[in-house]
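Asks: Mind looking over this structure? Questions follow.
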Amino acid sequence: MGQHFTNEDGEQTEIDVAELQEWYKKFVVECPSGTLFMHEFKRFFGVQNDQEAEKYVENMFRAFDKNGDNTIDFLEYVAALNLVLRGKLEHKLKWTFKVYDKDGNGCIDKPELLEIVEAIYKLKKICRREEETGNPGLTPDEVVERIFQLVDENGDGQLSLDEFIDGAQRDKWVMKMLHMDMNPGGWIVAQRRSSV
């Protein structure tokens, strides 16, 4: 028997009690105060000396901080882990859109997307991985231009939530490029291991 939890779309999901207890133990170890602050979140991802990466992580933090109090409490932590580990693709894309939409106007413009793509390149070293496979890597500018060519259906220079989701689901390359931060589960585990 599990605990019921309401996700951001208002849908009920069940989380096993043992799993919830395990998450709580990890949360208390990481955040003895019971809340996770921005500076701790940045330290966790190791981005203190990189402005672009810091901005990206700050956007991630804000997306997880549901009540806007500049901290992540245990319930917000559970919601984030539930999304990362079990969320449906559409929910993950909505969350990703929220992270990318820095100004919160409901659309992503080229400068917003470019800033995120540059930060992701730095954080995940995508360029080096593509070069190792022998494929010439695209620059962040080229990635943004190509995404807009493929996804901006009405040509207004902005991506709406619907265009973002439809484009990612329709085109495998777009999904790969927009998917770079949608599987943070493995990345979080790797960061935890390296910080221990």
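Asks: Taking segment 54-72, which residues are basic (Lys, Arg) and within 15 Å of His39 (Cβ to Cβ)?
Replies: Taking segment 54-72 as the starting set, the residues that turn out to be basic (Lys, Arg) are 55, 62, 66.
Passing the criteria: Lys55, Arg62.
Asks: Scanning for something at pLDDT 85 or above and under 30 Å from Glu30 (Cα atoms), does segment 168-177 turn up at least one residue?
Replies: Within segment 168-177 (the criterion being at pLDDT 85 or above and under 30 Å from Glu30 (Cα atoms)), the answer is no, since none of the residues qualifies.
Asks: Another question about this same structure. Here are the criteria: (1) open to solvent by less than 60 Å² (accessible area, probe 1.4 Å); (2) modelled with pLDDT under 85. Tell me which single one Arg86 does not satisfy.
Replies: In the conditions (1) open to solvent by less than 60 Å² (accessible area, probe 1.4 Å); (2) modelled with pLDDT under 85, Arg86 misses (1) alone.
Asks: Restricting attention to segment 14-47, which residues are of a type in the set (S, T, N, Q), outside any loop (DSSP other than H, G, I, E, B) and surrounded by fewer than 16 Cβ atoms within 10 Å (Cβ to Cβ)? Spell out the reasoning first.
Replies: Restricting attention to segment 14-47, the residues satisfying the condition of being of a type in the set (S, T, N, Q) are 21, 33, 35.
Subsequent filtering for residues that are outside any loop (DSSP other than H, G, I, E, B) retains 21, 35.
Listed by number, the list holds a single entry, Gln21.
Asks: Suppose we keep only residues that are among the charged types (D, E, K, R) and modelled with pLDDT of 80 or more within segment 55-69. Which one would you say is most open to solvent (accessible area, probe 1.4 Å)? Explain how you work it out, then say what you get.
Replies: The initial filter retains those residues of segment 55-69 that are among the charged types (D, E, K, R), namely 55, 58, 62, 65-66, 69.
After this cut, where a residue has to be modelled with pLDDT of 80 or more as well, the list is 58, 62, 65-66, 69.
Values: Glu58: 41, Arg62: 122, Asp65: 12, Lys66: 98, Asp69: 74 Å².
Of everything passing the filter in segment 55-69, Arg62 is most open to solvent (accessible area, probe 1.4 Å).
Asks: Next up: Right, Lys122: of a type outside the set (Val, Ile, Thr), more than 22 Å from Leu36 (Cα to Cα) and at pLDDT below 85 or not? Lay out the reasoning, then the answer.
Replies: Details: of a type outside the set (Val, Ile, Thr): yes; more than 22 Å from Leu36 (Cα to Cα): yes; at pLDDT below 85: yes.
So Lys122 fits the description; yes.
Asks: Still on this structure: Looking at Ile108, Ile72, which is the one that is in contact (Cβ under 8 Å) with a residue 24 or more places away in the chain, under 24 Å from Trp23 (Cα atoms) and either of a type in the set (Gly, Ala, Ser) or open to solvent by less than 80 Å² (accessible area, probe 1.4 Å) (or both)? I'd like the intermediate steps shown before the answer.
Replies: Values: Ile108 fails: under 24 Å from Trp23 (Cα atoms).
Going through Ile108, Ile72 in turn, the sole match is Ile72.
Asks: Does any residue in segment 24-44 that is farther than 18 Å from Gly68 by Cβ come within less than 7 Å, Cβ to Cβ, of a residue that is among the small types (Gly, Ala, Ser) six or more places away or on a different chain, and which pairs are these?
Replies: Every condition considered, the pairs that remain are Phe44/Ser195.
Asks: Additional query: Go through (1) in contact with a helix residue (DSSP H, G or I) (Cβ under 6 Å, 6 or more places away or on another chain); (2) part of a helix (DSSP H, G or I); (3) without any contact (Cβ under 8 Å) to a residue 60 or more places away in the chain one by one and return the number of the condition Lys66 breaks.
Replies: Answer for Lys66: the failing condition is (2).
The values are calculated or read from the model by the stated rules, or taken from the named source; none is laboratory data. All of these numbers come straight from a predicted model, not from anything done at the bench. Positions of Cβ are backbone-derived with ideal geometry, glycine not excepted, and every protein chain shown enters the neighbour counts. Side chains included, ligands, DNA and RNA excluded: accessible areas come from the protein's heavy atoms. Shrake-Rupley method; radii C 1.70, N 1.55, O 1.52, S 1.80 Å.
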